[in-house]
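Read-outs throughout are calculated quantities, based only on the coordinates presented, and are distinct from any laboratory measurement. Bear in mind the structure is a predicted one, so any value in this text is a computation, not a measurement. Note: ideal-geometry Cβ built from the backbone for every residue, glycine included; neighbour counts use all protein chains shown.
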Amino acid sequence: MTVCEYKPGLEGIPAKQSSISFVDGHQGILEYRGIQIEELAKHGSFLETAYLLIWGTLPSQEELTDFEREIRYHRRLKYRIRDMMKCFPESGHPMDALQACAAALGLFYSRRALDDPAYIRAAVVRLLAKLPTMVAAFQLMRKGNDPVQPRDDLDYAANFLYMLNEREPDPLAARVFDVCLTLHAEHTINASTFSAMVTASTLTDPYAVVASAVGTLAGPLHGGANEEVITMLEEIGSVDNVVPYLDGCIAQKTKIMGFGHRVYKVKDPRATILQSLAEQLFEKFGADEYYDVALELERVVSDRLGHKGIYPNVDFYSGLVYRKLGIPTDLFTPIFAIARVAGWLAHWKEQLSENRIFRPTQIYTGTHGEPYIPIGERQNADDQDQLTGLITE
Ligand code: SDX
């Protein structure tokens, strides 16, 4: 077997053949099943987009109405899952709570019939329907309140904002949030989708697949960046401090959150749409004190690092939208997960249609023929990393 050239992070190495989405990182193009993201953001809804991603075609009115009705019916959580959430520490991160709840669904729906389209549809509906309820429930519980039940008279986005804030959202806020979900739904073989594919390839259940992807999305280099962007803008504090901040990052070689991308070497098309959504909200509900800082940071970073293809990615403006919608910062990534579960499920279904378990190889850099040294003849390790102090927390 010939070993291909090793590329750290598998950069540029195809992991599958897929027809779900397409990205041109130099033209700044993103398409879901061949439809440009700008068209879906302008004309579509998140559930319509989720249907498109998962089943490959835009649903008819009847298909969409049936799908929306099923989602509404399955939004509620088993009381045992709510009881489990009551044991979670308030200080825990909502992504850890979401990962635990997603995995717990597998306890209630343990039948695995991966070759049964009805089973596939049921898993898709349950995960799309229940993840928002989990996120909203954790938010209310960690404040010491009882979670509110979903409202069947509200659409997907409005219902989430209602469950989160305990009041019906403004129609513009609900529409903007729905578009944000569409923008975050899918993005070819990103880290969390790759986790989903690898987990799916072992033929485990879809709840374990999504739990695996949620854990991957949580990292600050991936979905966790949207939360870090707000922290960064708060740290910069003013337009005058943008250049000194950037100088510091460049000098210390630290990554600027919300910028750069493995594929896009121009501004992420989703960032452009999110920026216009933010401006719509600012016009109606008032400006955000950090928007000018964000604009100046984009200008200066593009000027100083644009030659390296470092431009805003999807996470740079999303946080400003969510802040204006009254969403707590540490819920930004769980919201990313609520949307991306559509893409994870699309890739889960596609993986099952032509499955081969993922098992890459390696380039071995260790030694051979080492002796087994009796413990009495061994020395303590030199480097401090291996020294284990008493874990006190
Ligand atoms: C998402 O893959 C997807 O599709 C992901 C995503 C999706 O929809 O699923 O789009 C969502 O995860 C968006 C990315 C969110 N993460 C961040 O905003 C964190 C900050 N960004 C970086 O960590 C970075 O840009 C990555 C992780 C996103 C991409 O990193 P790469 O492709 O591994 O690039 P790299 O680290 O090899 O950097 C290449 C060069 C380096 O400079 P040199 O050492 O060659 O001189 O670019 C520089 C890096 O220092 N660079 C940055 C930078 N990102 C890359 N320099 C400053 N700030 C940055 N943000």
Which residue fluctuates most in the GNM of the chain (Cα springs below 10 Å): Ser21, Ser276, Ser110? Ser110
Give the residue list of trypsin sites (Lys or Arg not before Pro) in region 323-381 that are DSSP loop and have at most 14 other beta-carbon atoms within 10 angstrom. Arg356, Arg378
At q = 0.06, 0.12 Å⁻¹, what is the log10 ratio I(q)/I(0) for the chain, with the Debye formula run over Cα points and no solvent? -0.26, -0.99
Just rank Asp288, Asp247, fewest to most, by other beta-carbon atoms within 10 angstrom. Asp247, Asp288
Where in region 61-122 are there GluC sites (Glu not before Pro) that are in a DSSP coil and have at most 15 other Cβ atoms within 10 angstrom of their Cβ? Glu90
Could you line up His184, His347 from fewest to most neighbouring Cβ atoms inside 10 Å? His184, His347
Sorted by packing (mean other beta-carbon atoms within 10 Å per residue), highest first, where do 30-36, 7-13, 259-265 land? 259-265, 30-36, 7-13
Would you work out which of His222, Ile81, Thr365 lies farthest towards the positive end of the dipole of the chain, given +1 charges on the beta-carbon of Lys and Arg and -1 on that of Asp and Glu, about the Cα centre? Ile81
Over the chain, what is the relative contact order in whole percent, taking alpha-carbon pairs under 8 Å and six or more residues apart? 22
Estimated [θ] at 222 nm from DSSP helical runs (n ≥ 4, -39500 (n - 2.57)) normalised by residues in the chain, nearest 500: -17000 deg cm²/dmol
Measure up Lys253/Lys308; Lys255/Lys284; Lys130/Lys349; Lys16/Lys130; Lys267/Lys308 against 22 Å on the Cα-Cα distance and list the ones that go over. Lys255/Lys284; Lys16/Lys130
What trypsin sites (Lys or Arg not before Pro) does region 141-187 have in DSSP loop regions with at most 15 other beta carbons within 10 Å? Lys143, Arg151, Arg167
Between region 12-50 and region 205-246, how many Å separate their Cα centres? 22
How would you classify region 205-326 from its alpha-carbon gyration tensor, with a ≥ b ≥ c the square roots of the eigenvalues: rounded for a/c under 1.5, else prolate if a/b is greater than b/c, otherwise oblate? oblate
About its Cα centre, what dipole magnitude does the chain give when the only charges are +1 on Lys and Arg Cβ and -1 on Asp and Glu Cβ, stated in debye to the nearest 20? 1020
Sequence of Val124, Val239 once ranked by neighbouring C-beta atoms within 10 Å, starting from the fewest: Val239, Val124
